[in-house]
Amino acid sequence: MKVEDIKKICVVGAGNMGHQIALSAALAGYKVTCTDISQDMLDKAETFARTYLPERVAKGKMTQEQADLGLNNISFTINLEEAAHDTDFVIEAAVEKINTKRKLFEDLDRITPPHAILATNSSFIVSSKIADATKRPDKVCNMHFFNPALVMKLVEVVQGPHTSTETAQVTMDLCAKMGKTGAWLKKEIYGFLVNRILSALHNEALFLADMGIATPEEIDLAVMNALGHPMGPFRLMDFTGIDLSYYIGMERYQDTRDPKDKPSPLVVEKFAKGEWGKKTKKGFYSYE
Ligand code: CAA
């Protein structure tokens, strides 16, 4: 398959990442179906598209024609079969739980045409943990976007031992078609490039806050003012979702059984309270 053969893209998961990945693909000219198990998430994703595009036009960042194209190209459905049966490329952006992803890939393998590439947007999980749930492991890879996906340019494409070079190449080419910069990782590694670096920063920031050395606000200010980051680690966790930090930590701990991989006490506390960041209007900061 070549990137020119991709006409339809299916994005599974309309959450924090999925809704913006889907819109990015629609704006790049692809017919996109966005699907989720939650009608509420789909409604929110559709409302976002209907609000965001006119705002871009009003801001002079997009023409009316581009906005119309984006909106015409995207559709939302709760029915996975309907969303994926005629797709050429799937980007799975569902919850960061390995068993959910394995079940999804098993279903997608059954539903999608045999030529379709099945990519996961997982932030940490390498696709070899998922690929054997399908009968097409050569067409399974990681395609990892960053938050907010409409803005951030980098996409990591991770080629597992099962992934064919053709699949990785087509995925890299798709990144370019979507106006993104692909980084091709030729070997799998947990957390890929960026999240390994980011995790080191976040773990240290959480350790300092857990120890009472400084507050999350103070640590964020220090990182912004000393390192020039656009936002500090706590604001960023609010933004990407503290639930995500929790699930990633738990998945990792279940894999390694190393206590240092457990989510930090502060993350566990926030997770238990349902204070998951911007999406719940409260995390390390308040968004009322
Ligand atoms: N969705 C879509 N677009 C957004 C947005 C959002 N949530 N937030 C901001 N933007 C857009 C704005 O529309 C604006 O676009 P234009 O300049 O084209 O008009 C642009 O981003 C800048 O926005 P603002 O001026 O309002 O605010 P800012 O200068 O603070 O930028 C930001 C916002 C781009 C998010 C910036 O704060 C930033 O770069 N933050 C760090 C983001 C980051 O580190 N992301 C990686 C997260 S880690 C990750 O994603 C890992 C993972 O596995 C999930």
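The values are calculated or read from the model by the stated rules, or taken from the named source; none is laboratory data. Fair warning: this is a prediction, and the values are worked out from it, not measured in the lab. With ideal geometry, Cβ positions are generated from the backbone for all residues, glycine too; neighbour counts draw on all protein chains shown. Ligands, DNA and RNA are stripped out before the accessible areas are found, and what is left, the full protein with its side chains, is counted by its heavy atoms. Shrake-Rupley method; radii C 1.70, N 1.55, O 1.52, S 1.80 Å.
Quick notes
- Gaussian network model of the chain, Cα within-10 Å springs - most flexible of 188, 275, 166: 166
- Computed lengthening from residue 193 to residue 272, 0.36 nm per intervening residue step minus Cα-Cα distance: 25.5 nm
- Distance between the C-alpha centres of the stretch 82-108 and the stretch 209-288: 27 Å, rounded to the whole angstrom.
- Whichever lysines have a C-alpha closer than 22 Å to that of residue 270, once near sequence neighbours (fewer than 8 apart) are set aside: 97, 260, 262, 278, 279, 281, 282
- Centre separation in Å (Cα based) which lies between the stretch 140-199 and the stretch 1-75: 20
- Across the stretch 194-280, Cα pairs under 8 Å and at least six residues apart give a relative contact order of 27 percent.
- If only the Cβ of Lys and Arg carry +1 and only the Cβ of Asp and Glu carry -1, the dipole of the chain around its Cα centre is close to 280 debye.
- Placing unit charges on the Cβ atoms of the charged side chains and taking the dipole of the stretch 119-205 about its Cα centre, the candidate lying farthest along the positive direction among 191, 150, 124 is 150.
- Whether the stretch 203-288 is rounded, prolate or oblate, judged on the alpha carbon gyration tensor where a/c under 1.5 counts as rounded: oblate
- Hydrodynamic estimate: the Kirkwood radius of the chain over Cα pairs, inserted into Stokes-Einstein at 25 °C and 0.890 mPa s, corresponds to D of 125 µm²/s.
- Largest GNM mean-square fluctuation among 227, 53, 108, using the chain with Cα springs under 10 Å: 227.
- GNM result for the chain, Cα springs below 10 Å: residue of 249, 29, 60 fluctuating most strongly: 60
- Solvent-accessible area per residue in the chain equals 48 Å², computed with a 1.4 angstrom probe and all protein chains kept.
- Carbon and sulfur %, accessible surface of the chain computed with the full protein complex present, 1.4 Å: 56
- Once the C-beta distance of residue 253 and residue 135 is scaled by a Förster radius of 30 Å, the resulting FRET efficiency is 0.45 to the nearest 0.05.
- Spatially proximal aspartates and glutamates relative to residue 101 (Cα-Cα < 14 Å; intrachain offsets below 8 disregarded): 36, 92, 109, 132, 251
- Checking every one of the trypsin sites (Lys or Arg not before Pro) in the stretch 247-288 against DSSP loop status and a limit of 16 other Cβ atoms within 10 Å picks out 257, 281.
- Gain upon complete extension [residue 218, residue 181; 0.36 nm per residue less C-alpha separation]: 10.0 nm
- Loop-located trypsin sites (Lys or Arg not before Pro) in the stretch 7-76 whose Cβ has at most 10 other Cβ within 10 Å (DSSP): 59, 61
- Count Lys and Arg as plus one, Asp and Glu as minus one, and take only other residues whose Cβ is under 15 Å from that of residue 178; the net charge is then +2.
- Trypsin sites (Lys or Arg not before Pro) lying in DSSP loop within the stretch 172-223, provided at most 11 other Cβ fall within 10 Å: 186, 187
- Rounded to the nearest 5, the antiparallel percentage of DSSP beta bridges internal to the chain is 15%.
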